[in-house]
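Beneath this line is the structure, given in structure tokens, with notes to follow.
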Amino acid sequence: MVADALTRNSLPDEPLSYLVDDGEDFREEIVFGPAAFGLNVRGVESAAALYRAYAAKPSKIVILDIGLDGEDGLSIASHLRASGDVRIIMATGRGSVEDRISGLINGADAYLVKPVDVRELAATVEAVGARLAMGSRPLRPSPDWDLVEGGWVLMNAVGQRLRLTTTEKRLLERFSNV
């Protein structure tokens, strides 16, 4: 069946990310699109399907829609956060400031509003993945870290660089203006 083939792409060596979205067209686009950028995404339609897939093969990154039938994306995010070290990207049609803040408070590392360009999602997955590669402890700006490239990159004294998402940049700007 075409839908089954579309839920798995063929990049077994790349870290696996799950996409949970009940919209079949969006799921198909997001599963295949990032493969062009070397990403391995598997799409599932519900919380139950994610929990089954995640139990069989855990992932470090999960992309969630908030408005799912049954258990919503915010609840899934809370469960995943409680179960271990997983990064969460919200990709949803809910774009109000309150929704975005709620998503970030409930565990999202990044929040994208649909329609999401595949390139934007791929860049977000890569940025979140880079944070995973740097270790699980949170980065804290200090005198050893500098903001460079117009505030879009944190760099330490040995040259390690961490590219910020738009949300992270805005948060740092807000905190620095307090």
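Take the conditions aliphatic (A, V, I, L, M), assigned by TED's automatic domain parsing to the domain that holds LEU172, at pLDDT below 90 and in a loop (DSSP other than H, G, I, E, B) and apply them to VAL116. Does it pass?
It is false that VAL116 is aliphatic (A, V, I, L, M), assigned by TED's automatic domain parsing to the domain that holds LEU172, at pLDDT below 90 and in a loop (DSSP other than H, G, I, E, B).
Give the residues of segment 60-74 that are in a helix (DSSP H, G or I) and under 20 Å from PRO34 (Cβ atoms), sorted by residue number. Steps first, please.
Filtering segment 60-74 down to residues in a helix (DSSP H, G or I) leaves 73-74.
GLY73 - this is the single residue of segment 60-74 that is in a helix (DSSP H, G or I) and under 20 Å from PRO34 (Cβ atoms).
Filtering segment 73-93 down to residues that are farther than 20 Å from ARG42 by Cβ and in contact with a helix residue (DSSP H, G or I) (Cβ under 8 Å, 6 or more places away or on another chain), which residue is surrounded by the most Cβ atoms within 10 Å (Cβ to Cβ)?
My answer is LEU74.
Kindly indicate whether LEU64 is among the hydrophobic types (A, V, I, L, M, F, W, C), buried (at least 18 other Cβ atoms within 10 Å of the Cβ) and at pLDDT below 90.
In short, no.
Residues of segment 77-97 being under 13 Å from the mean Cα position of the chain (by Cα) and hydrophobic (A, V, I, L, M, F, W, C), which ones?
Across segment 77-97, the qualifying residues are ALA77, LEU80, VAL86, ILE88, ILE89, MET90, ALA91.
Quick check: is even one residue across segment 93-106 of a type in the set (S, T, N, Q), at pLDDT below 90 and not in a helix (DSSP H, G or I)?
Yes, because at least one residue in segment 93-106 is of a type in the set (S, T, N, Q), at pLDDT below 90 and not in a helix (DSSP H, G or I).
What strands (runs of 3 or more DSSP E) lie completely within segment 127-178 and have 3 or more residues being β-branched (Val, Ile, Thr), at pLDDT 80 or above and loosely packed, with under 13 Cβ neighbours inside 10 Å?
Fully inside segment 127-178 and qualifying: nothing.
Mind checking whether some residue in segment 44-60 is modelled with pLDDT under 85, out of contact with any strand residue (DSSP E or B) (no Cβ under 8 Å at 6 or more places or on another chain), surrounded by 13 or more Cβ atoms within 10 Å (Cβ to Cβ) and more than 18 Å from LEU121 (Cα to Cα)?
Scanning segment 44-60 turns up no residue that is modelled with pLDDT under 85, out of contact with any strand residue (DSSP E or B) (no Cβ under 8 Å at 6 or more places or on another chain), surrounded by 13 or more Cβ atoms within 10 Å (Cβ to Cβ) and more than 18 Å from LEU121 (Cα to Cα).
Give the residues of segment 75-92 that are assigned to a helix (DSSP H, G or I) and among the β-branched types (Val, Ile, Thr), sorted by residue number.
Here is the first cut: in segment 75-92, the ones assigned to a helix (DSSP H, G or I) are 75-83.
Hit for segment 75-92 is ILE76, nothing else.
The values are calculated or read from the model by the stated rules, or taken from the named source; none is laboratory data. Because the structure is a prediction, the values reported are computed rather than measured. Here the Cβ is made from the backbone with ideal geometry for all residues, glycine too, and neighbour counts use every protein chain on show.
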